[in-house]
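> Below you will find the structure I want to go over with you.
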Amino acid sequence: MKVMQKNVLEFMEESDMRFVIPAYQRLYSWSETQCEELWLDISRAARGRHNHFLGTVLYNVVQDDEDSAHLEIIDGQQRLTSISLVILALARCLESHPHADGAIDAATLVSCYLVMDSIDDGRLVTKLLPSHYDAGSYEAVVEGKGGNPMSSITRNLSYFQKRMAEDDFDYEQLLDGLRRLTTIFVEVDDFRDAQPIFESVNSKGVPLNVADMVRNYLLLAESHDEQTRLFEEYWKVSQDMFAPDPGSLKLNTGIKSWLAIRLKGARILSAEQTYTSFKKYVEDVYQGEKETILREL
């Protein structure tokens, strides 16, 4: 395991690998409340001229082939996506209001932090590749085509653009604040180490619910292609059965009910007890493959 403390922009700029959000990850779900908190954190860091600790990003380097690899983001996708949206909003702002004497321009922001050098069939290859549901909207907004208006990606980009349209907006102050966002980056060598670290990380943002933790547990150790297959064949079916289901409340109840049948005598009263009981069943009672559990769910 390798641990390093770096500025978010520095990490994004230095890495020549794509940041991939795996299929088991939840939707990008930051609300305007979290976006406003991030905006204020950036502004305060710049005004006070001090670093602000943004949280922890947990990732694994996955070798695609002999010559290429990508970073699989295990924890931290909500923050990385939100920072990318702030950078994109700033690039759009600078495109509309260029500053001849500015320290940075829109093209530099895009090339350093938002897109890879390579172009695939005339389409931009975004540096961040969100998970299943968010990838289309994110790619669209980066290309300037406009994303799904119901997507949190599109809504939050609009929020940051509105803040930058305010009369007192200072883009140099925003850049200074972004450069003061400090993050602990944890590179996991063995996927078996990822889940306990993931569970113990106390990150700022939308808390994980039972369904999030169960999904991550069942899919985390698989390859990217296998994660996608299992997500599409099993988890998505279970998830969509209850849609709309804000906060996965119905799915959480379904998992709890399934556990009550499978783990005889279990006393499950809270969300924490549900996940603890789930792990106890899988690790101490159940002897089969995880795909069978996904099929049962």
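> How much accessible surface area, in Å² rounded to 10, belongs to the heavy atoms of ASP245 with a 1.4 Å probe?
My reading of the accessible area for ASP245 is about 30 Å².
> Build a GNM of the chain with springs between Cα atoms under 10 Å: which of ASP212, ASP167, ASP64 gets the top mean-square fluctuation?
ASP167
> Which cross-chain or sequence-distant (5 or more) residues have an amide H under 5 Å from the amide H of ALA69, H modelled 1.01 Å from N in plane?
When sequence neighbours closer than 5 places are left aside, the close amide H contacts are ASP64.
> Taking 22 Å as R0, compute the FRET efficiency from the Cβ-Cβ separation of SER111 and PHE169 and round it to 0.05. Walk me through the numbers on the way to the answer.
Values: r = 23 Å, r/R0 = 1.05.
Using R0 = 22 Å, I get an efficiency of 0.45.
> Continuing with the same structure: Mind checking which lysines have their C-alpha under 25 Å from LYS236, skipping anything on the same chain fewer than 8 residues away?
Once the sequence-local lysines are set aside, what remains near LYS236 is LYS250, LYS256, LYS279, LYS280, LYS290.
> Would you calculate, for the chain, the mean residue ellipticity at 222 nm contributed by helices, counting each DSSP H stretch of 4 or more residues as -39,500 (n - 2.57) and dividing by all residues, to the nearest 500?
Details: 14 runs with 141 residues, N = 297.
It comes out at -14000 deg cm²/dmol, rounded to the nearest 500.
> Rounded, prolate or oblate for the chain? Axes are the square roots of the Cα gyration tensor eigenvalues, ordered a ≥ b ≥ c, and the cut-off for rounded is a/c under 1.5.
On the way: a/c = 1.93, a/b = 1.80, b/c = 1.07.
It comes out prolate by the Cα gyration axes.
> Could you run the Karplus curve 6.51 cos²θ - 1.76 cosθ + 1.60 with θ = phi - 60° over the range 58-73 and give me ³J(HN,Hα) per residue in whole Hz, x for Gly and Pro?
Using θ = phi - 60°, the values come out as 10, 8, 10, 7, 10, 7, 7, 7, 4, 10, 9, 8, 9, 9, 8, 7 Hz.
> Can I ask one more? Calculate how steeply helix 249-262 sits against the longest principal axis of the alpha-carbon atoms of the chain, using the helix alpha-carbon long axis, and give the answer as 0 to 90 degrees to the nearest 10.
With rounding to tens, the tilt is 30 degrees.
> Another question about this same structure. Quick one: length gained pulling THR292 to ASP67 fully straight, 0.36 nm per residue minus the C-alpha distance? Spell out each step's value before the answer.
On the way: separation 225, 0.36 × 225 = 81.00 nm, distance 3.50 nm.
Answer, rounded to one decimal: 77.5 nm.
> ASN51 to GLU283: FRET efficiency via 1/(1 + (r/R0)^6), r the Cβ-Cβ distance, R0 30 Å, to the nearest 0.05?
Working: r = 39 Å, r/R0 = 1.31.
That gives a FRET efficiency of 0.15.
> Using 0.36 nm per residue of separation minus the Cα-Cα distance, give me the extension gain between THR253 and GLU187 in nm, one decimal.
Numbers: separation 66, 0.36 × 66 = 23.76 nm, distance 3.38 nm.
Gain on stretching THR253 to GLU187: 20.4 nm.
> Let me ask something additional. When ranked by the protection proxy of mean other Cβ atoms within 10 Å per residue, highest first, what sequence do the peptides 70-81, 2-13, 213-224 form?
On the way: 70-81: 22.9, 2-13: 14.6, 213-224: 19.9.
Ranking the peptides 70-81, 2-13, 213-224 by packing returns 70-81, 213-224, 2-13.
> Decide, for the range 244-296, between rounded, prolate and oblate: order the square roots of the alpha carbon gyration tensor eigenvalues as a ≥ b ≥ c, take rounded if a/c falls under 1.5, and otherwise choose prolate if a/b is larger than b/c, else oblate. Numbers along the way, then the final one.
Working: a/c = 2.14, a/b = 1.31, b/c = 1.64.
Because a/c hits 1.5 or more and a/b fails to exceed b/c, the range 244-296 counts as oblate.
> Helix 152-164 against the longest principal axis of the chain: what's the angle in degrees, Cα atoms only, rounded to the nearest 10?
Once rounded, one gets 30 degrees.
The values are calculated or read from the model by the stated rules, or taken from the named source; none is laboratory data. Predicted, not measured: the structure shown is a model, and the values here were computed from it. When we count neighbours, we look across all protein chains shown, and the Cβ atoms used for this are built from the backbone with ideal geometry, even at glycine. Note: accessible area is taken over every heavy atom of the protein model, side chains too, but ligands, DNA and RNA are not part of it. Shrake-Rupley method; radii C 1.70, N 1.55, O 1.52, S 1.80 Å.
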